[in-house]
Amino acid sequence: MPSELTWLTLNGVCFRNLKNFDLHLPLGRLIMVAGPSGAGKSTLFRDVLYPVVSHAIKAKKAKLTGREFLNATGFAPEPAGTVPFLDLRGADGFKTVIEVDQSPIGKTPRSTPATYLGIFDLIRTFFASLPESKIHGYSAGRFSFNTAGGRCETCSGGGRIKLEMAFMPDTYLPCDDCHGTRYSADLADITWKGKSIGQVLQLTFEEAAVFFDFHSQLSQVCQLMVDCGLGYLTLGQSSPTLSGGEAQRLKLVTELAHGLASYKERSRGIAVKNLYLLEEPTIGLHLSDCEKLIHVLHSLVEQGHTVVVIEHHLDLLAEADYIIELGPVGGPDGGELLYQGPLAGLLKLKGSPTAPYLKAKLNR
């Protein structure tokens, strides 16, 4: 039986098609979840484990029973009248649970990677703290390209002008007044390291990681973008110009950034440990980008986090420290825990839907 000190255990899972089993997840490891579509992977990790661990962290409970969870949250069990699990142990060591799913990020022309990541507020606050800004009485709001006073009024802070074409798609041209920077000329003289805020938005994330090397949070988020293969994007790039794969990785970086240690935690040497739940993060990614993603996932584990990835991509499954397989099929006849343990053990499992494909992949 696994030790409660080093394992997250969810006993007696019985929800929808899940067939009453005990789940054991090793802490501080890269865990892959395999199995046919409809076998219950998302049900187990997104619909049960995620809310249960989140509640245990909030309630600061080392042990949480299924009945306690139902009474405290109003969670609706399926089938009705049942308890979705017997008890959860080992979740109290996590700071938070971070889920990365497949929902869209939203693509408005005014949305940019910097605004989506949440770092543009930090950049605006920093520029407002400069001596020149204080002399003029500029607040952080002045450095928004969505408000009057700071934005270029010719393009209303869009950085480009829309040309409506008869019988053809609309065309956009850079604004002649701000030259695509989005800002009025009044803010051109407020600079840091020789760059105005409009010029900072034109930096790539690779350049920004160096530019903001004095600011731990900004530099870390920019470096995450680089590590996920998005270092070539600019901070102010319009979201509609991102490909589907780029948008998905941007969302991944955003969720990873939420788990970064705070300044207080870093200064006090507090080791933050999170539980990351990712669902098929390789969708739409090129093979080279998958390799970068694998590096990021291993990096999270090296920092002490526990990473669970629901995935079909064989390259990622082959990287597992620990693998879980549900099956044997999807739907009502699925929901069985076929295997949980080291990757080598799954390869020896007879009747595994995944093992033959993994063997072929590893033997190439």
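The values are calculated or read from the model by the stated rules, or taken from the named source; none is laboratory data. In this text the structure is predicted, and so the values were computed from the model without any measurement. Here the Cβ is made from the backbone with ideal geometry for all residues, glycine too, and neighbour counts use every protein chain on show.
Against the list (1) at pLDDT below 95; (2) closer than 20 Å to Val272 by Cα; (3) aliphatic (A, V, I, L, M), the condition Ala91 fails is (1).
Considering only residues in region 25-83 that are at positive phi and in contact with a helix residue (DSSP H, G or I) (Cβ under 9 Å, 6 or more places away or on another chain), the one that is surrounded by the fewest Cβ atoms within 10 Å (Cβ to Cβ) turns out to be Lys60.
Can you find a residue that is hydroxyl-bearing (Ser, Thr, Tyr) and buried (at least 20 other Cβ atoms within 10 Å of the Cβ) anywhere in region 105-114? Yes, that holds for at least one residue.
Which of the strands (runs of 3 or more DSSP E) found entirely inside region 258-364 contain at least 2 residues meeting this: within 20 Å of the chain's Cα centre (by Cα)?
275-279, 306-310
Of all the residues in region 62-76, those that are closer than 13 Å to Leu8 by Cα and modelled with pLDDT of 95 or more number 2. Within region 269-290, residues that are without any contact (Cβ under 8 Å) to a residue 24 or more places away in the chain sit with their Cβ atoms under 8 Å from residues that are assigned to a helix (DSSP H, G or I), at 6+ positions apart or across chains, in these pairs: Ile270/Lys264.
Taken over region 206-230, the criterion of being outside any helix (DSSP H, G or I) and under 18 Å from Leu300 (Cβ atoms) is satisfied by Cys228, Gly229, Leu230.
Going residue by residue through region 241-257, is there one that turns out to be over 26 Å from Lys195 (Cα atoms) and either without any contact (Cβ under 8 Å) to a residue 12 or more places away in the chain or loosely packed, with under 15 Cβ neighbours inside 10 Å (or both)?
Of all residues in region 241-257, those over 26 Å from Lys195 (Cα atoms) come to 243-249, 251-252, 255-256.
In the following step, the residues that additionally are either without any contact (Cβ under 8 Å) to a residue 12 or more places away in the chain or loosely packed, with under 15 Cβ neighbours inside 10 Å (or both) were identified as 243-244.
The answer is yes; a qualifying residue exists.
Checking each residue in region 119-129 for being over 19 Å from Asp189 (Cβ atoms) and out of contact with any helix residue (DSSP H, G or I) (no Cβ under 7 Å at 6 or more places or on another chain) picks out only Asp121. Answer with yes or no whether Glu206 is more than 30 Å from Ser267 (Cβ to Cβ), surrounded by fewer than 19 Cβ atoms within 10 Å (Cβ to Cβ) and in contact (Cβ under 8 Å) with a residue 24 or more places away in the chain. It is false that Glu206 is more than 30 Å from Ser267 (Cβ to Cβ), surrounded by fewer than 19 Cβ atoms within 10 Å (Cβ to Cβ) and in contact (Cβ under 8 Å) with a residue 24 or more places away in the chain. Considering the conditions (1) in contact (Cβ under 8 Å) with a residue 12 or more places away in the chain; (2) in contact with a helix residue (DSSP H, G or I) (Cβ under 6 Å, 6 or more places away or on another chain), Ser299 is excluded by exactly one of them, (2). Does Leu10 meet the test of being farther than 19 Å from Ser352 by Cα, buried (at least 22 other Cβ atoms within 10 Å of the Cβ), in contact with a Phe, Trp or Tyr (Cβ under 7 Å, 6 or more places away or on another chain) and modelled with pLDDT of 95 or more? Here the answer is yes, as Leu10 does meet what is asked.
So that you can scan it fast, the table gives a plain yes or no per residue for (1) of a type outside the set (Asp, Glu); (2) more than 30 Å from Ala56 (Cβ to Cβ); (3) in a loop (DSSP other than H, G, I, E, B); (4) without any contact (Cβ under 8 Å) to a residue 40 or more places away in the chain:
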residue	(1), (2), (3), (4)
Ala72	yes, no, no, yes
Phe85	yes, no, yes, no
Asp92	no, no, no, yes
Glu99	no, no, no, no
Arg142	yes, yes, no, no
Thr147	yes, yes, yes, yes
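Can you tell me which of Ser216, Ser184 is crowded, with 18+ Cβ neighbours inside 10 Å and among the small types (Gly, Ala, Ser)? Only one candidate passes the filter, namely Ser184.
Applying a threshold of 7 Å to beta carbon distances and a minimum spacing of six or more residues, or different chains, the list of pairs starting in region 218-232 at a residue that is in contact (Cβ under 8 Å) with a residue 60 or more places away in the chain and ending at one that is among the charged types (D, E, K, R) reads Asp227/Lys292; Cys228/Arg249; Cys228/Lys292; Gly229/Arg249; Gly229/Asp289; Gly229/Lys292; Leu230/Glu246; Leu230/Arg249.
Which one is nearest to Pro36 (Cα to Cα) among residues in region 276-316 that are hydroxyl-bearing (Ser, Thr, Tyr) and surrounded by fewer than 18 Cβ atoms within 10 Å (Cβ to Cβ)? Per the criteria, the residue is Ser288. Selection of region 56-66 for residues being more than 15 Å from Gly93 (Cβ to Cβ) and part of a helix (DSSP H, G or I) yields only Gly66.
Ser42 satisfies every condition listed in (1) among the polar types (S, T, N, Q); (2) touching a residue at least 12 places away in the same chain (Cβ under 8 Å); (3) farther than 14 Å from Val308 by Cα except (3). The condition of being among the hydrophobic types (A, V, I, L, M, F, W, C) and more than 27 Å from Tyr357 (Cβ to Cβ) holds for only one of Leu49, Leu88, Leu44, that being Leu88.
Could you check, for region 27-47, whether at least one of its residues is assigned to a loop (DSSP other than H, G, I, E, B), over 14 Å from Leu326 (Cα atoms) and of a type in the set (A, V, I, L, M, F, W, C)? Yes, region 27-47 has at least one match.
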